[in-house]
Structure formats: structure tokens, C-alpha cells
1. What does the net charge come to around A:Arg234 if you take all other residues with beta carbon closer than 12 Å to its beta carbon, with K and R at +1 and D and E at -1?
2. In debye, nearest 20, what is the charge dipole magnitude of the stretch B:1-137 about its Cα centre with +1 on Lys and Arg Cβ and -1 on Asp and Glu Cβ, if you could check?
3. Among A:Arg262, B:Arg56, which comes first, second and so on when ranked by fewest other beta-carbon atoms within 10 Å?
4. Between B:Tyr139, A:Tyr124, A:Leu11, whose Cα lies farthest towards the positive end of the dipole of the protein assembly as shown when Lys and Arg beta carbons carry +1 and Asp and Glu beta carbons carry -1, centred on the Cα centre?
5. Report, please, the projected area of the stretch B:2-230 averaged over directions, based on the convex hull of its C-alpha atoms, in nm².
6. Considering Cα pairs under 8 angstrom that are at least six residues apart, work out the relative contact order of the stretch B:2-230 and quote it in whole percent.
7. Can you tally the net charge around B:Tyr79? Count Lys and Arg as +1, Asp and Glu as -1, for every other residue whose Cβ sits under 13 Å from the Cβ of B:Tyr79.
8. How do A:Cys61, A:Cys41 line up, fewest other C-beta atoms within 10 Å first?
Amino acid sequence: MRHRLQHPVALAALAVVLAIAALYASGALAWAGGLIGDGACRLAVGIGDVTGVDALRNYGCRMMGGLWVTLQLVAISVTLGVLLALVVAVARLWGGPVLGGIATAYTTFFRGTPLLAQLFLVYYGAGQIRPFLTTIGVWPYFREAFFCAAFTFTLNTAAYQAEIFRGAIQSVSRGQWEAARALGLRPFATFWKVILPQAAMVALRPLGNELVIMVKSSAVASLVTILDLMGSTRFAFARSFDLMVYVFAAALYLVIVEIIRRVWELAERRLTRHLHHA
Amino acid sequence: MDYYLNLLAWGDKGWGDELAHGAAITILLALATLPFGVALGLLVALAKRSSNAAIRAVGTVYTTVFRGVPELLTLYIVYFGFQIGLQKAWKGIGLPGSIEMPAFVAGMVALGVVLAAFSSEVWVGALNAIPKGQREGAYALGLSRALAFRLVIAPQLLRIALPGLGNNWMVLLKETSLVSVIALPDLMFWTGRANVVTKEPFLFFGAACLIYLVFSILSAWGVAALEERANRGFVSGVGGQR
């Protein structure tokens with residue numbers, strides 16, 4: 001078990017499972033979540049008290065709730081995006097003209113157009129094809145702005161991540177394939193056990209950048225009625241006309257980004273620990 | 001089919017001319033932001049390499065902040081912040097009436113300061129890539145620091161920075177879509193308006209996506225051509241000047 005868990009993909013899969021479990025198995029977590037939410041709420045109000053910013057005192061709790069929505073949105077999109085991205089990267093590399101062409105068109109479209117345009121296309125477009133979506137039974141999902149945003153963000157980040165994976169996989173030298181073949185490994189085993197772990201090292205840093213970009217880009221979700229951190233901040237500003245709420249939101253985003261950066265540095269050190277001397 | 005073509009037609013009934021105007025604003029905004037953001041980025045990069053610790057700290061804080069805060073939030077802070085500040089200054093001087101900051105300027109400033117943060121990283125990388133001997137050689141020839149930078153470093157810098165700056169440009173082009181939220185009539189603004197009026201989201205947002213896609217693909221070609229031109233003195237495979 002311990003051995004299997006050292007595989008970066010196994011670690012990533014574990015992270016997916018844990019993230020989804022944390023999001024959906026609310027029962028016991030709701031209690032802990034409530035405590036954290038309470039603490040975050042008190043912190044925001046406390047900062048409002050100390051700095052004398054009334055708007056924070058009144059809307060700090062809402063903004064912390066919004067922060068939670070932002071984190072959920074990003075966690076869901078990025079973890080599902082990893083899975084989709086691996087499929088797309090493999091399709092681009094070995095999919096032949098048809099699958100490879102589809103994968104290329106997909107990444108070109110999602111990387112070549114603004115996230116905002118994609119989000120509007122899905123969010124407003126879903127309403128237009130409502131009969132069709134009802135027929136195939138997914139309308140209840142697309143009716144929710146949160147689902148539309150998570151759906152769009154997943155497709156978007158998967159396109160960027162697919163390019164990262166493709167580059168990383170290509171960066172592993174040919175000799176690795178040949179040596180694995182000489183040892184009698186089948187292509188799939190070679191890809192899974194030899195190539196992917198080495199590609200993961202190369203991919204890690206750009207993947208961290210992509211995660212940071214998603215945290216920031218997720219702010220556009222506020223433009224389709226979602227009360228994420230940006231959305232709840234806009235609400236607070238519309239009520240208070242106090243610019244400090246935007247400054248506070250900026251500080252929150254900065255803290256999140258900084259935490260991700262630090263965690264990523266640790267993960268990178270762990271994945272490349274065999275390269276460090278002593 | 002005719003119905004859709006009419007919707008995209010030029011003139012009073014169709015939205016073709018509005019979309020074209022919007023696309024022009026999008027391009028103009030991106031082109032106006034580019035020199036400002038890239039130049040500011042070079043200044044930030046020089047600050048980050050300064051021998052003065054205080055100046056270095058300013059550069060580092062600048063990039064940390066503007067790379068970590070969502071562009072949309074920066075846009076709001078610049079737009080509303082400048083608006084409020086400008087009003088106060090206007091009243092403070094005692095001028096009559098009121099003043100408003102044009103959305104175009106707000107968009108340009110907000111996108112520009114973010115572009116500066118990202119392009120400064122590219123500039124730092126490029127500055128580091130130029131061998132120390134180039135600068136030392138320039139000083140040995142009696143050039144001042146400013147002259148050495150202008151005559152020796154800068155011409156080499158652009159070639160190395162070009163791929164990164166090209167990336168920055170592509171990101172900028174897509175980020176301009178955010179200015180529609182401060183009522184600047186760019187491409188996204190007009191397609192949103194058309195959607196509200198006609199209830200044809202697929203047609204209009206699809207059209208917007210296609211137009212952005214064309215801009216992106218053209219930009220990619222343009223950047224590749226510029227890179228090829230910048231590298232014309234170098235034989236591929238043999239490498240740089242080292």
C-alpha cells in the first residue's frame with residue numbers, strides 16, 4: 001500500500017477522492033465546517049472591528065461564506081480537470097488523426113477564448129437548449145449557476161492542463177520507453193509506471209501555476225449570479241460603497257494563492273527528493 | 001438560417017456592426033495596454049534586480065500582489081477607487097460639477113498593472129539570461145550604466161523576452177473581455193447586449209468565442225513570425241551567444 005501511494009498519480013487520485021469525500025460526505029464534516037465557518041466569520045468581523053470598517057462588520061461573514069464557495073468551485077473544477085486533461089493529453093499524443101484532431105480542436109478552443117465568454121456560452125446557452133437538456137435528463141444540473149460554472153471551469157482548466165501534461169510526457173526521453181520495452185514492460189505499464197511518474201515532476205510546477213490561475217479566474221463566476229468571494233464582495237460594495245471590502249477580498253485571494261504556493265513548494269520537494277543530495 | 005444571418009447583418013436590424021465595433025474596442029484596448037504594461041514590467045524587473053534592498057522589496061511586493069489578486073477585482077478597485085479619488089480631488093480643488101474617469105482608461109490601467117506584474121517575470125528571466133560578460137565588456141569600453149543598457153543589453157533582451165511577452169499578449173487579449181463589466185462597449189459587452197435583446201445566446205456568445213479565437217490564432221502566427229525575425233541572426237541548433 002505504502003509503495004503504491006508513492007506513485008504521483010495514485011497520490012493525485014487519492015486527492016480527488018478525498019476532495020470529493022470532503023465536499024459531499026457532509027454529516028460529521030458539517031459540524032467541523034460549521035466551527036471553521038464560525039471562526040472565519042468571527043475573524044472577518046473582528047478585522048472590521050479593529051480597523052473600524054463598518055462594511056466588514058456587516059458583510060464579513062458573507063464574504064467568508066463566499067470564500068468557501070470559491071474554494072469548492074476551484075477544488076471541483078481542478079480535480080475533475082486533471083482526469084479529463086490526462087485523457088485529452090493521451091488523445092493528442094497517441095490518438096491518431098481523428099481523436100488527436102478532436103483533442104487539438106478542444107484545447108485550441110478553450111485556450112484561445114476568454115473564460116468569461118465560455119461561461120456565458122454555457123450559462124445562457126443552457127437555457128436556450130432546455131428541451132434537449134431536459135430530454136437527456138441533465139437540465140436540473142444546468143439550471144444551477146454553480147454547476148454551469150464548475151462545468152465550464154473544468155473544461156477550461158482541463159484544456160490548459162492537457163497541454164501541461166503533453167509537454168511533460170514529451171519531455172521524458174525516448175530512452176525511458178526503450179529501456180522499459182527491453183525489460184518486457186507492456187506499453188500501458190510503461191506509461192503508468194515509468195513515464196508518468198517522471199512527467200509528473202516536470203508537470204508539477206506549471207500545474208501549481210494553473211491552480212493559482214483558476215483561483216483568480218473563478219472570480220468571473222460572480223458575473224453569473226454566484227455568490228463566491230468576488231460575488232459576495234460585489235454585494236457588500238453595492239450596499240456599503242466602501243472600497244475597503246474589495247481590498248479585504250484582495251487580501252483573502254492573496255492569502256489563498258500564497259498558501260497554494262507554499263504547499264506546492266513542499267510537494268515539489270517531496271516528488272524530487274531523490275534528486276537532492278543528502 | 002436567414003433568421004440567423006439577419007441577426008448578424010450590418011445596420012439597424014442586425015448586430016454585425018455592433019460586434020465589429022466591439023471587436024475594434026477589444027483590439028484597441030489590448031494594443032493601448034501593451035506598451036504601458038510591458039514598459040512598467042521592465043521597470044519592475046529592474047527594481048527586482050536592484051542592489052538596493054528597499055527597491056527590491058517594492059518590486060517583489062508589486063508582483064506578489066498583482067499576480068495573486070484576480071484581474072476582475074483589480075479592475076473594480078481601479079475603476080471605483082479612481083472614480084472616488086478623482087471625485088474627492090475634484091471637489092477638493094473646488095471645481096464645479098463632477099468628473100468621471102473614462103472606462104477605457106480604467107480598463108487600460110487595471111490590465112496594464114497586471115500585465116506589468118506578469119511581464120516583469122519575463123524581463124527578469126531575460127535579464128538573467130544575458131551573460132555577465134556583456135555588461136562587463138560594455139563597462140570596460142567606458143560606457144556608462146545607462147548607455148550599456150541601451151546599446152548592449154536592451155537589443156539582446158527583446159529577443160530572449162519575446163516568447164514570454166508573446167504569451168503575456170495572448171493572456172491580455174482574453175482578459176480584455178472583463179472590461180465589459182465596467183460598461184466599456186467591447187466585444188463581450190455587445191454580445192451580452194445582443195443576447196439580452198434577441199435571446200440567442202449560442203449564436204452571439206458563439207460568435208464572440210470565434211472572434212476571440214481568430215484573434216488568438218492570428219496573434220500566435222504574429223508572435224511566431226516576430227520570433228523568427230528576432231532570431232534571424234542565430235543558426236538554429238547552434239544556440240545563443242554563449
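Each value in this text was obtained by applying a stated rule to the coordinates, not by laboratory testing. Fair warning: this is a prediction, and the values are worked out from it, not measured in the lab. We place every Cβ from the backbone using ideal geometry, glycine too, and count neighbours over all the protein chains shown.
1. Values: positive: A:Arg62, A:Arg239; negative: A:Asp228.
Net charge around A:Arg234: +1.
2. Values: 9 positive and 8 negative charges, 184 e Å.
Here the size comes out at about 880 debye.
3. Values: A:Arg262 10, B:Arg56 14.
Listing A:Arg262, B:Arg56 from fewest to most nearby Cβ atoms yields A:Arg262, B:Arg56.
4. Toward the positive end, the furthest listed residue is B:Tyr139.
5. Details: hull surface 68.5 nm².
For the stretch B:2-230, averaging the hull's shadow over all directions gives 17.1 nm².
6. Numbers: 237 pairs, mean separation 59.5, N = 229.
Here the relative contact order equals 26 percent.
7. Numbers: positive: A:Arg234; negative: B:Glu71, B:Glu100.
It works out to a net charge of -1.
8. Values: A:Cys61 20, A:Cys41 16.
By the 10 Å Cβ count, ascending: A:Cys41, A:Cys61.
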